[in-house]
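A short write-up of the structure that comes next.
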Amino acid sequence: MKRKFVIISLTSCSGCISSLISLDIFPQFLERTKVIYFQFISDVKDIEDCDICLVEGCVSEEDQISILRKIRKQAKKIYALGTCACFGGILSLSDIKIAEPISRYIEIDGIIPGCPPPMKLFGNCLIRLVENKEIELSEKNMCGSCPLRGNMEINSNVNISKITPNPEEIKLDEENSECFLAKGILCLGPITRDGCEHKCIKMGLPCEGCIGTVSKDFTSNLVNYLSLINLSQELKNYTGIFYRFSKPKLEG
Amino acid sequence: MLKVIEVCKRVEGHGEIKILVQNDEISLVNFEFKIYRGFENFLIGKKLLDIPKIVPRICGLCYASQAIASCKAIEDIYNIKISEQARLLRRILMTGELIKSHSMNFFFQTLPDLLNIFNISQKTTTAYDLINYDPQLTSNIYELIKIGNEINNLFGGRSIHLISLIPGGIIYSPSKKNISIAKKRFQNALISLEWIIEKFIELFSHQLPPKEFDAPNLIYLGLSNLRNYNRYSGRLSLKEANRNMIEFEKQNYSSYFGKEPELRGIDFYFDNKKNVIVGPLTRYNINENYGTDEIQTYLEYFDKPWTNNILFANFIRLLEMYIESFQSIQILDDHNLTIKQEISSLNSVKKIDGIGVIEAPRGTLLHHYYVNDHNSLDGIKLFVATEFNIPLINEMITNYAKVLFERTGDINLVKNNVQRIIRAFDPCISCATH
């Protein structure tokens, strides 16, 4: 029996669903499942009962809450697809719009994180859903498997004063062995989930945390991290570094 | 007065059609967007170097274009020229993006309309039907999507929201091995594209496109590089049929169009603004040297009723993938591609504002930034392709809906058929609702 899928978008850049369509296995995914609603590529107008619903995008509008509550009743399982749906995403930078993860309004059964979800991780998650298995994500942070050979170095004597190296200082990973934190460059690897294959770090840039936090309690994790590093006054005043992809909520 | 609203299907993002009916006549049809995100608002105060990392998130289809337009605006502020190697690599990344964007749009969004309009197949309303319609077509389309992903991954660090694009150049110098891999991929792209283009000619060239898709007297707006096809650089051009082309530098754009930050949409400062079009049809009409000999041969299958019709954009999108795959192979053979140069350092701001303009897959994309004393963004204006096309789309769907409703009185038919016109423009709603 083919499993019925519904794929919906809330407020997003469409990057997660365009990643989904562009996966090598997408035609096989369509063969092995029954996609009954997917506005991006189909004419079907009404959402019906389904086994699995993938939700892309954050909640930024009032009417999206009722869409989510309705689909919660219709879908056996709901997964947040991409960092916006999982944690709020890039709109967390806005002071005007709200950007909430879907789990703030409905119970969810799992997440496929990333901005967008890394292709390999995404493909594996999708196969597991088609085969009626649970999604498995790493429970470790980025540092354990970091390609930079030095150890993660948190040293309160080093003043962390940059969020990105100057363009002329950027080196690819083979010529760049030292931890960014040791060089005074902020890297969010210590509080970010492993799973993206360290793509930015291999390109000589520190982790921005786009795949989201490894811990459910992002706020306390972040507070811990901030207490360990010596952040420059300029960076303390600069808004939107730590919550670029997920704004911590104090009320939990 | 009756207001009918219909959600658009098979488009990128959330769009609605609003139809106003008064005294049994349609008075207006508008293509409208539900969600605006406010990038122009929350980018204020951000460090210049930070901006190209944020703006790709405006759109998951035009991510490379957004980042490159942003880098160019910042390079304009610092008055730096990037290396030839970086320029060539950026063009290849733009091609990777275009191949993915055009092939997904053609296959999933507009092909079902074409098959339906020309009475070839009425049974491609779901993605499942579509992938089984012609397995060879599906496999050729997926070959292209895979190539787009691989090229962006290889030179950009990942397939969407690329990592290597930074102001001053690009963090990457390709190895001989990767150049040879990329070349093979583009050679395969040409083979797949030849098949798809010939299929398009076989299916549609002997038929006449319906009149509702006929374009009015269009004003083409786009970037032209001495009338050669090149989406990375050039001067802005305005061309109206039977009139001389007007060309202007990017810094003079505000004599021709502009926008108020709080208001949605673009204002044009010339007549017939409802006829402005950007995108593939513009690039075809403003460039004299439009690709290779093969392209010329393909174009000869279509004459006036087609070339003056919005549906022709579908064919042009296929040809653009062909031209750019061909150009990318030439770039990969260019010895400048392997000459590694230091990324230009951003020392001191030379101007208080900077403009970056390129041709994104759907048309002209312009970023205009104003900077303060702390190298932070003080003001920003973003002009994206779909925004330019909105007045024309609304004019065409209103005119068509009026006639169709008068003839049939069937509002459902109107709701359904106006969407075909909208989809023929390949709107990018994420971009337009930045």
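The values are calculated or read from the model by the stated rules, or taken from the named source; none is laboratory data. This one's a predicted model, so the numbers in the text were calculated from it and none came from an experiment. Virtual Cβ from ideal backbone geometry, glycine too; neighbours counted across all protein chains shown.
Would you pick out the residues in the range A:133-166 that are at pLDDT 80 or above and surrounded by fewer than 12 Cβ atoms within 10 Å (Cβ to Cβ)?
Matches in the range A:133-166: A:Lys133, A:Glu134, A:Glu136, A:Glu139, A:Gly144, A:Ser156, A:Asn157.
Just to be sure before I move on: is A:Leu121 closer than 21 Å to A:Cys196 by Cβ, away from chain B (no Cβ under 14 Å), surrounded by 14 or more Cβ atoms within 10 Å (Cβ to Cβ) and aliphatic (A, V, I, L, M) in the structure I sent?
For A:Leu121, the condition - closer than 21 Å to A:Cys196 by Cβ, away from chain B (no Cβ under 14 Å), surrounded by 14 or more Cβ atoms within 10 Å (Cβ to Cβ) and aliphatic (A, V, I, L, M) - is not met.
Which residue, of A:Ile102, A:Ile71, is modelled with pLDDT of 95 or more, closer than 22 Å to A:Lys247 by Cβ and away from chain B (no Cβ under 14 Å)?
It is A:Ile102.
Cβ contacts < 6 Å: first residue within 18 Å of B:Tyr220 (Cα to Cα), restricted to the range B:300-317; second residue aliphatic (A, V, I, L, M) and surrounded by 22 or more Cβ atoms within 10 Å (Cβ to Cβ), any location; separation 6+ or different chain. Result?
B:Ile310/B:Ala424; B:Leu311/B:Ala424; B:Ala313/B:Leu281
Please specify each residue of the range A:27-58 satisfying the condition of being part of a helix (DSSP H, G or I), surrounded by fewer than 22 Cβ atoms within 10 Å (Cβ to Cβ) and within 9 Å of chain B (Cβ to nearest Cβ).
Matches in the range A:27-58: A:Pro27, A:Glu31.
For the range B:284-342, name all the residues that are farther than 23 Å from B:Ala189 by Cα, of a type in the set (Lys, Arg) and in a helix (DSSP H, G or I).
Of everything in the range B:284-342, just one residue is farther than 23 Å from B:Ala189 by Cα, of a type in the set (Lys, Arg) and in a helix (DSSP H, G or I), namely B:Lys304.
Going through the range B:206-252 one residue at a time, which ones are outside any loop (DSSP other than H, G, I, E, B) and over 30 Å from B:Leu89 (Cβ atoms)?
B:Lys211, B:Glu212, B:Phe213, B:Asp214, B:Ile219, B:Leu238, B:Lys239, B:Glu240, B:Ile246
Does A:Glu169 count as of a type in the set (D, E, K, R), closer than 30 Å to A:Leu235 by Cα, free of Cβ contacts under 8 Å to residues at least 12 places away in the same chain and surrounded by 14 or more Cβ atoms within 10 Å (Cβ to Cβ)?
Spelling it out, A:Glu169 is indeed of a type in the set (D, E, K, R), closer than 30 Å to A:Leu235 by Cα, free of Cβ contacts under 8 Å to residues at least 12 places away in the same chain and surrounded by 14 or more Cβ atoms within 10 Å (Cβ to Cβ).
Test B:Val21 against the criterion of being in contact with a Leu (Cβ under 7 Å, 6 or more places away or on another chain) and in a strand (DSSP E or B), and give yes or no.
yes
So, in the range B:20-37, of the ones that are among the hydrophobic types (A, V, I, L, M, F, W, C) and under 27 Å from B:Ala127 (Cβ atoms), which residue ends up nearest to the other protein chains (Cβ to nearest Cβ)?
Per the criteria, the residue is B:Ile35.
Out of all the residues in the range A:2-26, which are more than 8 Å from chain B (Cβ to nearest Cβ) and within 13 Å of A:Glu56 (Cα to Cα)?
A:Val6, A:Ile7, A:Ile8, A:Leu10, A:Leu20
Would you say B:Asn178 is assigned to a helix (DSSP H, G or I), surrounded by fewer than 19 Cβ atoms within 10 Å (Cβ to Cβ), in contact with a helix residue (DSSP H, G or I) (Cβ under 9 Å, 6 or more places away or on another chain) and facing chain A (nearest Cβ under 9 Å)?
Here the answer is no, as B:Asn178 does not meet what is asked.
Inspect all residues belonging to the range B:215-236 and state whether any of them is within 30 Å of A:Lys171 (Cα to Cα), more than 20 Å from the chain's Cα centre (by Cα) and touching a residue at least 40 places away in the same chain (Cβ under 8 Å).
Within the range B:215-236, none of the residues are within 30 Å of A:Lys171 (Cα to Cα), more than 20 Å from the chain's Cα centre (by Cα) and touching a residue at least 40 places away in the same chain (Cβ under 8 Å).
Among B:Ile82, B:Ile120, B:Ile74, which is the only one that is within 12 Å of chain A (Cβ to nearest Cβ) and either over 22 Å from B:Gln330 (Cα atoms) or part of a helix (DSSP H, G or I) (or both)?
Residue meeting the stated conditions: B:Ile74.
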